[in-house]
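Below is one structure; the comments refer to it alone.
The values are calculated or read from the model by the stated rules, or taken from the named source; none is laboratory data. All of these numbers come straight from a predicted model, not from anything done at the bench. Reconstructed Cβ throughout: ideal geometry from the backbone, glycine too, with neighbour counts over all protein chains shown. Keep in mind that these areas ignore ligands, DNA and RNA; they rest on the heavy atoms of the full protein, side chains included. Shrake-Rupley method; radii C 1.70, N 1.55, O 1.52, S 1.80 Å.
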Amino acid sequence: QVQLVESGGGLVQAGGSLRLSCVASGSIFSINVMNWYRQAPGKQREFVAGIARGGSTKYADSVMGRFTISRDDARRMVYLQMDNLVPEDTAVYYCNVNLRRFYTDSGATYWGQGTQVTVSS
C-alpha cells in the first residue's frame, strides 16, 4: 500500500510564506513525477507545480516566481515553498505522485489527503 501525507498548511497573512511537505510511504520501487495541486472552495482542482525525476520543474502561471517546488528522493519527499502569498492562494493543497511500486510496474498516480492553506488579507 502507498500513502502520501501532506503537512505544513495553516493560516498566514498576505505577503507571508509557508512551506508544504509531502512524504510517500509504503512499497515503492521508484518515484517519477511529483506534483502539487490545489482546490479552492467552489472551484475545480488545479495544477500548481510539478517536478520530474531529473529535477525539471513546471509551474502554473499564477504562482510563477512566488512558489518553488523541490524534492528529496532519498526521503521520498516533495516540498512546496510558497512566498508572497495572496488571498487567492487560499485552498486545500494536494500532493500528487506518479510512482512504480515494483520493477515490473508500469506506474500509477496517488493523491494525498490535502492540507489547508488560508491566506488572510
Given 85, 99, which one is out of contact with any helix residue (DSSP H, G or I) (no Cβ under 7 Å at 6 or more places or on another chain), among the aliphatic types (A, V, I, L, M) and farther than 19 Å from residue 113 by Cα? 85
Filter segment 69-84 down to the residues that are open to solvent by less than 70 Å² (accessible area, probe 1.4 Å) and aliphatic (A, V, I, L, M), then identify the one that is farthest from residue 52 (Cα to Cα). 82
Among residues belonging to segment 104-118 that are more than 12 Å from the chain's Cα centre (by Cα) and closer than 14 Å to residue 4 by Cα, point out the one that is most open to solvent (accessible area, probe 1.4 Å). 109
Those residues that are in a strand (DSSP E or B) and of a type outside the set (Gly, Ala, Ser), I need them from segment 67-92; list them, please. 67, 68, 69, 71, 72, 77, 78, 79, 80, 81, 82, 92
Given the residues 101, 66, which is the only one that is surrounded by 15 or more Cβ atoms within 10 Å (Cβ to Cβ) and modelled with pLDDT of 95 or more? 66
In this structure, does residue 23 turn out to be hydrophobic (A, V, I, L, M, F, W, C), surrounded by fewer than 19 Cβ atoms within 10 Å (Cβ to Cβ) and part of a strand (DSSP E or B)? yes
I'd like to know if segment 8-17 contains one or more residues that are touching a residue at least 24 places away in the same chain (Cβ under 8 Å) and under 28 Å from residue 104 (Cα atoms). no
Residue satisfying condition, being closer than 14 Å to residue 92 by Cα, of a type in the set (Val, Ile, Thr) and in contact (Cβ under 8 Å) with a residue 60 or more places away in the chain, within set 48, 5, 33: 5
What are the residue pairs meeting all of these: first residue in segment 93-115, first residue at positive phi and assigned to a loop (DSSP other than H, G, I, E, B), second residue open to solvent by 60 Å² or more (accessible area, probe 1.4 Å) and among the basic types (Lys, Arg), Cβ atoms under 7 Å, and 6 or more apart or on different chains? 107/100
Of the residues that sit in segment 40-59 and are within 21 Å of residue 83 (Cα to Cα) and of a type in the set (Gly, Ala, Ser), which one is surrounded by the most Cβ atoms within 10 Å (Cβ to Cβ)? 49
Condition broken by residue 121, with the remaining ones in (1) modelled with pLDDT of 95 or more; (2) surrounded by fewer than 18 Cβ atoms within 10 Å (Cβ to Cβ); (3) in contact with a helix residue (DSSP H, G or I) (Cβ under 7 Å, 6 or more places away or on another chain) satisfied: (1)
